[in-house]
Amino acid sequence: MGNLNHFSFGWLTPTLSYLMACVGAALGLRCTLRALAATGTSRRNWLFTAAAAIGSGIWTMHFVAMFGFTVDGTELRYDVPLTILSLVVAVLVVGLGVFAVGYGRHRGRSLLLGGLTTGVGVAAMHYIGMAAVRIHGGIDYDPGTVGLSVLIAVGAATAALWAAITIRTMLAAGGAALVMGIAVSCMHYTGMAAVHVHMVPDRADLGGATPMQFIFPLAVGLGSFLFLTSAFVALSPTAQERAAYREAGEIAVEDLTATSLDRAA
């Protein structure tokens, strides 16, 4: 049985992965809130953005944390198609969850359905990502710990969606994102605690890509997407702000018209 190390770089990878989870959660919460205040195509677009933010944020969190995962006696490589599939699954299933909340007529039922769907999607992303790991040996899981990780994922997703439709202030939303980041990180490391490795010495090439060849560039790209989109969403006005701007503009035009009429008289 191989010795596992989840913190090869100390607290660097857990800290960075937690940051990615928080950014994805904060952006997703903000976009979901914007969606609930919008209608038509605008609502759909905000929900798509929320799904992409939460899904890619959780995926990036997982693989940044995996940089600290090592097994004595073997190198680690990743199956590229499975790794990409884990990202696609994360975004698609999270999308089902946020759309259930965004278009559901019964808030409580939609929240439970969305939380269950999103949580299962997060867990599926994690374990598909783990299935992409290639080592000189096999990976087994403790069923009870796996079940606990899925429950944590569902609970975290439900709490995040509840926050998205309940919290209205930026400060509270920031606090919810921090809590969501903790929950996602707990889910990841609970899932990793279920891992047992059985070494099978083999000189054959593992195949796949090393983390630096594939995972690192993709994680950096997704991280950049999250930060840039967060900046755009933070700076773009809400529906209420746009309404206030229009009202202010109309008042200004009325005042200008009245002033012009007074001068003409």
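The values are calculated or read from the model by the stated rules, or taken from the named source; none is laboratory data. Every value quoted in this text rests on a predicted model; they were computed, and no experiment measured them. For neighbour counting, all protein chains shown are included, and Cβ atoms are generated from backbone atoms with ideal geometry for every residue, glycine included. Calculation scope for accessible area: heavy atoms of the full protein, side chains included, ligands and nucleic acids excluded. Shrake-Rupley method; radii C 1.70, N 1.55, O 1.52, S 1.80 Å.
Restricting A209, A194, A132, A153 to residues that are hydrophobic (A, V, I, L, M, F, W, C), out of contact with any strand residue (DSSP E or B) (no Cβ under 6 Å at 6 or more places or on another chain) and in contact (Cβ under 8 Å) with a residue 24 or more places away in the chain narrows the list to A153. Counting just the residues of the stretch 137-156 that are assigned to a helix (DSSP H, G or I) and of a type in the set (S, T, Y), which one comes out surrounded by the fewest Cβ atoms within 10 Å (Cβ to Cβ)? Ranking the candidates gives T145 first. Restricting attention to the stretch 219-228, the residues being open to solvent by 50 Å² or more (accessible area, probe 1.4 Å) and without any contact (Cβ under 8 Å) to a residue 60 or more places away in the chain number 3.
Is one or more of the residues making up the stretch 127-135 surrounded by 23 or more Cβ atoms within 10 Å (Cβ to Cβ), in contact with a Phe, Trp or Tyr (Cβ under 9 Å, 6 or more places away or on another chain) and in a helix (DSSP H, G or I)? Yes, there is a match, as at least one residue in the stretch 127-135 is surrounded by 23 or more Cβ atoms within 10 Å (Cβ to Cβ), in contact with a Phe, Trp or Tyr (Cβ under 9 Å, 6 or more places away or on another chain) and in a helix (DSSP H, G or I).
Here are A173, A219: which of them is over 20 Å from V91 (Cβ atoms), touching a helix residue (DSSP H, G or I) at 6+ places or on another chain (Cβ under 6 Å), modelled with pLDDT under 75 and in a helix (DSSP H, G or I)?
A173
Of all residues in the stretch 99-119, those satisfying the criterion of being over 12 Å from the mean Cα position of the chain (by Cα) and surrounded by 19 or more Cβ atoms within 10 Å (Cβ to Cβ) are F99, A100, V101, G102, S110, L111, G114, G115, T117.
From the list A26, A53, A35, A21, the lone residue that is surrounded by 24 or more Cβ atoms within 10 Å (Cβ to Cβ) and farther than 14 Å from G223 by Cα is A35.
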